[in-house]
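The structure under discussion appears below in the form of structure tokens.
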Amino acid sequence: MPTADSATPRSVVVIGAGLAGARTVAALRTHGFEGPVTLLGDEGVPPYDRPPLSKELFTRSEPAWLADELGADVTSLADTRLAARATRLEVHDAGVHVTTDDGDVQADAVVIAVGSRAVSPWPTALTLHSAADADRLRDRLRPGSRLVIVGAGWVGAEVAGVAAARDVDVTVVEAAATPLARQLGDIGVRTVPWYSDAGVSLRLATPVLDVDAGGVTTAAGRLDADTVLAAVGARPATAWLGLDLTADGRVPVDAAGRWLSDAPWETRRRVWAVGDCAARPHPVFGAVPGGHWSSALTDPEASVLEMLGRSQTRPTTPYVFSRQLGHDLAFFGVRHGDEDVVVRPLASGWAALYLMPEDGPRRVLRAAVVADSPRDVVGLRRLLGRPGAVEVDLDRAVDPGVRWRDLAP
Ligand SMILES: Cc1cc2nc3c(=O)[nH]c(=O)nc-3n(C[C@H](O)[C@H](O)[C@H](O)COP(=O)(O)OP(=O)(O)OC[C@H]3O[C@@H](n4cnc5c(N)ncnc54)[C@H](O)[C@@H]3O)c2cc1C
């Protein structure tokens, strides 16, 4: 049991029953917290994993429950209310007060784990963020039906591949000049052939002007559709919190997940944020915006240890994986957009390295993506997991004969 000093909470409310919320509850109990824990969810179902929603849209009729994936049913570890949307948070010197659709909760500390919600600019378009969304989309996609997906990002590409494999007639419309432009920059062009190989029609540099019940109006003309999926990103579900947020709507936190604000310490120490809704600094990669499954998985434990007075901040390298159109992508680090990019051919697949724009034969590696080579994912993960900035030798970076660990001294 943790020492009950004045900074250690005696009760905790966790808002959001997704991966980060579930991991927070599990970590509290694993590390001996015996006080009351309340877990508030708003989807009406126990915590589940989101990545399979797109990748296994047709092969899974029910969600990948985290109780199975994590090996522990966190709903039994906390007072769990799965249909209790939090609508108001008050934080003061003596504790926190959360108003929900299903009664109020008071606690010594709050962990905000509300994740994000799909951006939905057009009322008639479907989105894919929740298990309920996946059910709706699956029901609509019959072989031979026409699906237009707006957005060639991670989710758009993943759904395009699995839907085309079910003989759905799929068109992906993207405003940028390449798929995955926001995620990979120009290197996203390497995924263009994947679309035609998978039987998907891809329209690049084609902004969507409007979506209605019968299809999509683009700058280049009309596309009729039976179903339109808006896959244009997600926004943190934080607007209701009433806290000062980052420009992209996330809760600013320190490396341990504690709220960063001008509020007095007595207030500030009561508020934590984890997962997609938090902007957490990394000693090497700087501010890491949420949106990384790996952060939602690993960051809550570090926050819980700090909360319980056992500081143990272990920065994790931001990591996103994707299975799309029959290919695997693994992205590590944080891309700022101004990097010099070099491509490293691999025995199978390829990698691209995003290097700090500077002169000289050695460059700081900010991010990297590996396509279709699990073995190289392991090497890259180890390289970027080293403490401190990793400086790679430019000549060696593009030489597939040099092992990942030998790219940097
Ligand atoms: C279709 C899809 C595929 C993905 N694939 C990948 C992938 O391949 N690789 C990868 O790295 N990442 C992927 N992601 C992203 C990944 O799933 C997220 O990074 C991860 O789920 C974040 O977990 P979280 O717990 O922070 O947020 P979430 O999973 O969003 O969970 C937050 C929970 O809080 C609830 N909530 C929100 N507001 C309130 C409120 N006011 N009161 C109560 N509850 C509230 C939400 O309903 C939700 O249940 C994917 C996401 C989607 C949607």
task: Look through Arg88, Arg166 and report the one residue that is surrounded by fewer than 20 Cβ atoms within 10 Å (Cβ to Cβ), within 11 Å of the ligand (Cβ to nearest atom) and of a type outside the set (A, V, I, L, M).
output: Arg88
- prompt: Just checking, which of Leu365, Leu380 is within 18 Å of Val402 (Cα to Cα), more than 16 Å from the ligand (Cβ to nearest atom) and not charged (D, E, K, R)?
  reply: Leu365
Unmet criterion (only one of (1) of a type in the set (D, E, K, R); (2) under 24 Å from Arg344 (Cβ atoms); (3) part of a loop (DSSP other than H, G, I, E, B)) for Arg190: (3)
When residues of region 259-284 are limited to those that are within 14 Å of Asp108 (Cα to Cα) and at pLDDT 95 or above, the one farthest from the ligand (Cβ to nearest atom): Arg270
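Quick check: anything in region 34-50 hydroxyl-bearing (Ser, Thr, Tyr), more than 9 Å from the ligand (Cβ to nearest atom) and either within 30 Å of Ala165 (Cβ to Cβ) or surrounded by 15 or more Cβ atoms within 10 Å (Cβ to Cβ) (or both)?
Checked region 34-50: at least one residue is hydroxyl-bearing (Ser, Thr, Tyr), more than 9 Å from the ligand (Cβ to nearest atom) and either within 30 Å of Ala165 (Cβ to Cβ) or surrounded by 15 or more Cβ atoms within 10 Å (Cβ to Cβ) (or both).
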field: All strands (runs of 3 or more DSSP E) inside region 1-87 with 1 or more residues being under 24 Å from the mean Cα position of the chain (by Cα) and of a type in the set (A, V, I, L, M)
entry: 12-15, 37-40
- prompt: When region 219-233 is examined, which residues are found to be at pLDDT 95 or above and either crowded, with 19+ Cβ neighbours inside 10 Å or within 16 Å of the ligand (Cβ to nearest atom) (or both)?
  reply: Leu223, Ala225, Thr227, Val228, Leu229, Ala230, Ala231, Val232
message: All but one of (1) away from the ligand (no atom under 12 Å from the Cβ); (2) surrounded by fewer than 20 Cβ atoms within 10 Å (Cβ to Cβ) hold for Ala125; state the number of the condition that does not hold.
response: (2)
message: So the check is Cβ under 9 Å with 6+ separation or different chains; which pairs have a first residue in region 36-56 that's at positive phi and a second one that's more than 6 Å from the ligand (Cβ to nearest atom) and assigned to a helix (DSSP H, G or I)?
response: Gly44/Ala132
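Taking the conditions exactly as written (within 15 Å of the ligand (Cβ to nearest atom) and aliphatic (A, V, I, L, M)), does Leu77 satisfy them or not?
Numbers: within 15 Å of the ligand (Cβ to nearest atom): no; aliphatic (A, V, I, L, M): yes.
The answer is no for Leu77.
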- prompt: Got at least one residue in region 366-378 being touching a His at 6+ places or on another chain (Cβ under 8 Å) and more than 28 Å from Gly326 (Cβ to Cβ)?
  reply: yes
query: Tally time: how many residues in region 58-85 are over 23 Å from Arg270 (Cα atoms), surrounded by 20 or more Cβ atoms within 10 Å (Cβ to Cβ) and among the hydrophobic types (A, V, I, L, M, F, W, C)?
result: 1
query: Are there any pairs, at least 6 apart or on different chains, whose C-beta atoms fall under 8 Å, with the first in region 241-267 and in contact (Cβ under 8 Å) with a residue 12 or more places away in the chain and surrounded by 17 or more Cβ atoms within 10 Å (Cβ to Cβ) and the second of a type in the set (S, T, N, Q) and not in a loop (DSSP other than H, G, I, E, B), and if so, which?
result: Ala256/Ser303; Gly257/Ser303; Arg258/Ser303
query: Of all residues in region 298-335 being under 17 Å from Val111 (Cα atoms) and in contact with a helix residue (DSSP H, G or I) (Cβ under 6 Å, 6 or more places away or on another chain), which is farthest from the ligand (Cβ to nearest atom)?
result: Thr313
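The values are calculated or read from the model by the stated rules, or taken from the named source; none is laboratory data. Just so you know, these numbers come straight off a predicted model, no measurement behind them. Counting neighbours? That spans all protein chains shown, and the Cβs are built from the backbone with ideal geometry, glycine included.
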